[in-house]
Amino acid sequence: MIRIDNLTKCFGPAKILNGIHASINKGECIAIIGPSGAGKSVFLRSMALLEKPDSGTILINGKDITAKDTDINKVREKMGLVAQGFNLFSHLNVMNNITLAPIQVRKQTKAQAEAHAMELLALVGLEEKAYAMPSELSGGQQQRIAIARCLAMDPDIILFDEPTSALDPVMTREVLSIIRKLSGRGITLVIVTHEMDFARETADRVFYLDEGTVYEEGKPADLFKNPVREKTRAFVKTLETLRFTITSKSYDLVAMNARIDWFCRLHGLDSRHNYRIQLAVEELIQEIFLHCFNAINPDLDLTVEHFSVNNEIVLIFKYRWELFNPFDQQAGHQDNLGMTLVTGMARSFDFEYSDGINKLIIKL
Ligand SMILES: Nc1ncnc2c1ncn2[C@@H]1O[C@H](COP(=O)(O)OP(=O)(O)OP(=O)(O)O)[C@@H](O)[C@H]1O
Ligand SMILES: [Mg+2]
């Protein structure tokens, strides 16, 4: 239904899209993933005709929408874009936001448009907000209204550009559950996302974008488990491991916990695992700092890995200092509740010391 051939786009000397080939079937749900700056947004914006490609074709049901005589408005009626901010009209209430285009563009009566809007509000779980102003809604609610507004035009295709990137974990789940509902309803969905577990669970196929091309594509189970090409492998590997280098005592604990949250979501780990990782990481960093780096700025490397086979989480701390194993000091920790908890919840510890580097491995 959508067929893209040799799509290219440059900004000045930089070739961002370098010959994209792809075909997407009617009703399919495609997740687009890839490193930051790979051109995912440019690709999506090109499909939505918000960027003019330098060359190549985008055929929708056999018709080239990049052709000069294309009626862009007609194309946009059938293809909605939900972008990352929630660009509702701030001076219109929810109902008017949703019904504006159906009334003005599709010439529906106000009553028809409003009846349809109420159905869509029910679908996104926000009937009670029909007459609220956008500023009275949370980010997640605004994004769900943006989806309802898009659906009001009965699109055949919806393009999402990181629809949850500005949202906290709870709101992210709300929005993703709506998108999940849409898949399987015959609407073709193309979603740029950093939510890998969502891509894994919901997408029919995943496109990995790199080098300005669809570098590799496949069913989620294949692409995430057995990527074939080198860069896809490297990308998938970065998803499996979380790394921090801590260089100052006043490191950003909030940012680190946010990344641990993200990592847990990515790996489908529940809040208990999340809590354990955060607790162990925070306590051990504190303990290592207390004993090793009183005066100087340290270099502490931390790696968090998850092994789905046995659902094991491995934390590896590496720090250059004279030999110091936090778990050897147990006698001194009796009044340290945090360390006692960490000791209690660990499945095992390992400690090595060589060439002046301490390596502590904890399995949770
Ligand atoms: N309008 C523009 N003018 C110039 N350069 C642009 C423009 N839009 C995008 N680029 C460049 O194109 C490249 C790809 O950008 P794009 O936004 O598509 O990346 P992305 O894959 O969506 O990344 P992210 O995951 O961070 O959103 C970037 O190097 C960006 O700076
Ligand atoms: Mg982007």
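Evaluated against (1) surrounded by fewer than 18 Cβ atoms within 10 Å (Cβ to Cβ); (2) under 27 Å from residue 353 (Cα atoms); (3) in contact with a strand residue (DSSP E or B) (Cβ under 9 Å, 6 or more places away or on another chain); (4) modelled with pLDDT of 90 or more, residue 226 falls short on exactly one condition, (2).
Looking across the range 254-300 at every residue that is assigned to a helix (DSSP H, G or I) and of a type in the set (D, E, K, R), the one that is surrounded by the fewest Cβ atoms within 10 Å (Cβ to Cβ) is identified as 272.
Is it the case that some residue within the range 64-75 is touching a helix residue (DSSP H, G or I) at 6+ places or on another chain (Cβ under 8 Å) and part of a loop (DSSP other than H, G, I, E, B)? Checking the range 64-75: at least one residue is touching a helix residue (DSSP H, G or I) at 6+ places or on another chain (Cβ under 8 Å) and part of a loop (DSSP other than H, G, I, E, B). For the range 27-70, enumerate the residues that are within 16 Å of ligand 2 (Cβ to nearest atom) and among the small types (Gly, Ala, Ser). Matches in the range 27-70: 31, 34, 36, 37, 38, 39, 41, 46, 48.
Residue-wise test of (1) at pLDDT 95 or above; (2) more than 9 Å from ligand 1 (Cβ to nearest atom); (3) surrounded by fewer than 21 Cβ atoms within 10 Å (Cβ to Cβ).
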| site | (1), (2), (3) |
| --- | --- |
| 1 | no, yes, yes |
| 7 | yes, yes, no |
| 19 | yes, yes, yes |
| 28 | yes, yes, yes |
| 31 | yes, yes, no |
| 35 | no, no, yes |
| 52 | no, yes, yes |
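Against the definition (part of a loop (DSSP other than H, G, I, E, B) and basic (Lys, Arg)), how does residue 45 come out, yes or no? Spelling it out, it is not the case that residue 45 is part of a loop (DSSP other than H, G, I, E, B) and basic (Lys, Arg).
The C-beta contact set for the range 67-87 (first residue modelled with pLDDT under 90, second residue in a strand (DSSP E or B), distance under 6 angstrom, 6+ apart or interchain) comprises 83/161; 84/161. For residue 236, the stated conditions do not hold, so it cannot be described as out of contact with any helix residue (DSSP H, G or I) (no Cβ under 8 Å at 6 or more places or on another chain) and either among the aliphatic types (A, V, I, L, M) or part of a strand (DSSP E or B) (or both). Of the residues in the range 184-194, none is assigned to a helix (DSSP H, G or I) and touching a residue at least 12 places away in the same chain (Cβ under 8 Å).
In the set 197, 168, 161, only one residue is touching a strand residue (DSSP E or B) at 6+ places or on another chain (Cβ under 8 Å) and of a type in the set (Asp, Glu); that residue is 161.
Could you tell me whether any residue of the range 203-220 is part of a helix (DSSP H, G or I), at pLDDT 90 or above and closer than 13 Å to residue 31 by Cβ? Give the steps one after another, and end with the answer.
Taking the range 203-220 and keeping what is part of a helix (DSSP H, G or I), we get 220.
Within this subset, residues satisfying the condition of being at pLDDT 90 or above are 220.
Now drop any that are not closer than 13 Å to residue 31 by Cβ, which leaves 220.
Yes, the range 203-220 has at least one match.
Restricting the range 118-168 to residues that are among the polar types (S, T, N, Q) and surrounded by fewer than 21 Cβ atoms within 10 Å (Cβ to Cβ) leaves a set whose member that is farthest from ligand 2 (Cβ to nearest atom) is 135.
Condition (residue is buried (at least 19 other Cβ atoms within 10 Å of the Cβ) and either among the acidic types (Asp, Glu) or within 16 Å of ligand 2 (Cβ to nearest atom) (or both)) applied to the range 177-191: is it met by at least one residue? Yes: one or more hits.
The values are calculated or read from the model by the stated rules, or taken from the named source; none is laboratory data. In this text the structure is predicted, and so the values were computed from the model without any measurement. Backbone-built Cβ (ideal geometry, glycine too); neighbour counts: all protein chains shown.
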